[in-house]
């Protein structure tokens with residue numbers, strides 16, 4: 001009886017936490033959405049101002065507000081269950097295409113592929129958003145980014161994004177994955193960030209049954225490791241097969 005009571009209490013606590021997080025996401029999305037119109041109106045009025053110096057400063061502030069609103073909406077969406085269907089793709093080819101997109105516009109991003117099988121059933125748009133957030137974060141604070149891919153003995157896929165920037169204080173490595181957390185050193189608001197990029201990446205990773213870990217390199221720089229759990233991926237394959245059968249046999 002005590003075990004059953006504890007299980008019910010635990011389930012109730014999980015439900016309350018989930019409801020709280022969903023409500024927080026809805027509120028953030030609503031506020032961010034409602035701010036878009038007045039910001040746009042203010043921007044139009046500022047553009048007609050006669051004082052160029054003041055106008056430029058105000059436009060920069062409004063651009064920062066617009067970016068924060070957009071990231072707020074993206075963060076709220078990342079807290080919701082992914083609606084994107086899983087697709088079978090080669091991680092080597094997928095990550096190489098992302099690195100090439102950056103290289104094509106002169107951004108120093110490289111990819112080191114892994115040998116052997118690399119095909120997974122996964123949500124490509126969610127993974128692309130995670131990768132671009134991690135890469136953009138690395139490019140803000142370093143001169144280049146290197147992406148590597150490896151499969152561990154457990155079968156887990158590990159994608160690492162390394163930069164050569166100043167790194168993050170050890171005590172803040174977990175905190176920076178929380179929304180709106182800002183550091184007081186070189187990785188701060190002067191870079192133009194919103195404090196949401198890593199939080200969005202971490203939330204999307206969790207939605208994909210994975211996790212995002214940060215650590216400092218021995219010679220400096222930051223390494224972000226996206227770990228995709230093998231067991232969850234295999235379960236995803238079974239779910240996708242079941243979905244396909246259901247679609248074919250309504």
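General observations
- The slack between residue 50 and residue 125, meaning 0.36 nm per residue of separation minus the straight C-alpha distance, is 22.7 nm.
- Residue list for segment 131-161, given a label point 7 angstrom along the Cα-to-Cβ vector of residue 107 and an amide N cut-off under 17 Å: 131-148, 160-161
- The label point for residue 170 and the one for residue 37, both projected 7 Å from the Cα toward the Cβ, are 5.2 nm apart.
- Separation of alpha-carbon centers, segment 78-146 and segment 53-69, rounded to whole Å: 30
- Its Cα gyration tensor gives segment 87-236 an equivalent ellipsoid; the semi-axes, largest first and in whole Å, are 25, 17, 14.
- Here the calculated FRET efficiency for residue 60 and residue 117, from their Cβ-Cβ distance with R0 = 41 Å, stands at 0.25, rounded to the nearest 0.05.
All of the numbers you see were taken from the coordinates with simple rules; none came from a lab. Note that the structure is predicted; figures quoted are calculated from it, not measured. Every residue, glycine as well, gets a Cβ built from its backbone with ideal geometry; the counts of neighbours run over all protein chains shown.
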